[in-house]
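Enquirer: Sharing a structure with you now.
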Amino acid sequence: MKLSSLIVSTCAAAAILAAQTPPAAPAATPVPAAPITPDTVIVTVEGKSYTAKQIDEMMKALPPQAKTMIDRNPQAGLTQLFILDSLSALAKQKKLDQVSPNKEALESKQRQYLANVVVQDENTHIHVTEAEQQA
């Protein structure tokens, strides 16, 4: 699927879903929603089903700003998340991650990220004794 087709179809699907108004609730006792378990399918994108557990794993890797956006508007946030995922997969399929200057930019980002991770790890393992605190 071409990139433009993917984006257009994703945006069109999001617009159609957003434009739909939910049916009025019947006057009878409402049926409680089924509980969401880790194995509950939350969304299906391009024929692939994603469970609550998989979405949670994807969310863990997101920066706080993206998590906030998804919390405020799950439909729009998840749509953007899957567009980003599709574009990333397309870039890898085209091997754009293996050519200059993309290859070097990715290596630089990885070095920066790993440097931050090791600093954070070291900071969480610093043990200051009471004698050191008093000195």
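Enquirer: Highest first, please rank the peptides 71-81, 93-103 by the mean number of other Cβ atoms sitting within 10 Å of their residues.
Expert: Put in order of decreasing packing, that is 71-81, 93-103.
Enquirer: Using the Cα centre as the reference, give the magnitude of the dipole from point charges on the C-beta atoms of segment 92-135 (Lys, Arg: +1; Asp, Glu: -1; all else neutral), rounded to the nearest 20 debye.
Expert: 660
Enquirer: Further question: May I ask for the net charge around Gln110, where only other residues with Cβ less than 12 Å from the Cβ of Gln110 are counted and Lys, Arg are +1 while Asp, Glu are -1?
Expert: With Lys, Arg at +1 and Asp, Glu at -1, the net is 0.
Enquirer: Which value, in Å² and to the nearest 10, is the accessible area of Lys53 when all protein chains are kept and the probe is 1.4 Å?
Expert: So the heavy atoms of Lys53 present about 120 Å² to solvent.
Enquirer: Residues with amide H under 5 Å of Ile42's amide H, sequence separation 5 or more or different chain, H placed in the peptide plane at 1.01 Å from N; which?
Expert: Residues meeting the amide H criterion: Tyr50, Thr51, Ala52.
Enquirer: With θ set to phi - 60°, apply the Karplus curve 6.51 cos²θ - 1.76 cosθ + 1.60 along segment 55-72 and write out the HN-Hα couplings as whole Hz, x wherever there is a Gly or Pro.
Expert: For segment 55-72, the Karplus curve yields 5, 4, 5, 5, 5, 4, 7, 7, x, x, 4, 5, 4, 5, 4, 5, 4, 6 Hz.
Enquirer: Once fully extended, how much extra length lies between Tyr50 and Ala135, figured as 0.36 nm per residue of separation less the alpha-carbon to alpha-carbon distance?
Expert: Roughly 25.1 nm would be gained on extension.
Enquirer: Compute the distance from the alpha-carbon center of segment 39-67 to that of segment 84-135, in whole Å.
Expert: 22
Enquirer: Classify segment 56-135: rounded, prolate or oblate, from the alpha-carbon gyration tensor (a ≥ b ≥ c, eigenvalue square roots; a/c under 1.5 rounded; otherwise prolate if a/b is larger than b/c)?
Expert: oblate
Enquirer: Still on this structure, I have one more. Would you kindly state how much longer the chain becomes between Glu104 and Asn73 on full extension, computed as 0.36 nm times their sequence separation minus their alpha carbon distance, in nm to one decimal?
Expert: Computed gain between Glu104 and Asn73 is 7.7 nm.
Enquirer: Order Ile55, Ile36, most accessible first, counting only protein heavy atoms with a 1.4 angstrom probe.
Expert: Ile36, Ile55
Enquirer: Please give every one of the lysines within straight-line cross-link reach of Lys48, meaning a C-alpha to C-alpha distance under 27 Å, and leave out same-chain neighbours fewer than 8 residues apart.
Expert: Lys2, Lys60, Lys67, Lys92, Lys94, Lys95
The values are calculated or read from the model by the stated rules, or taken from the named source; none is laboratory data. All values derive from a computational prediction rather than experimental measurement. So basically every Cβ, Gly included, is an ideal-geometry build from the backbone, and we count neighbours across all protein chains shown. To get the accessible areas, we keep the full protein, side chains included, count just its heavy atoms, and leave off ligands, DNA and RNA. Shrake-Rupley method; radii C 1.70, N 1.55, O 1.52, S 1.80 Å.
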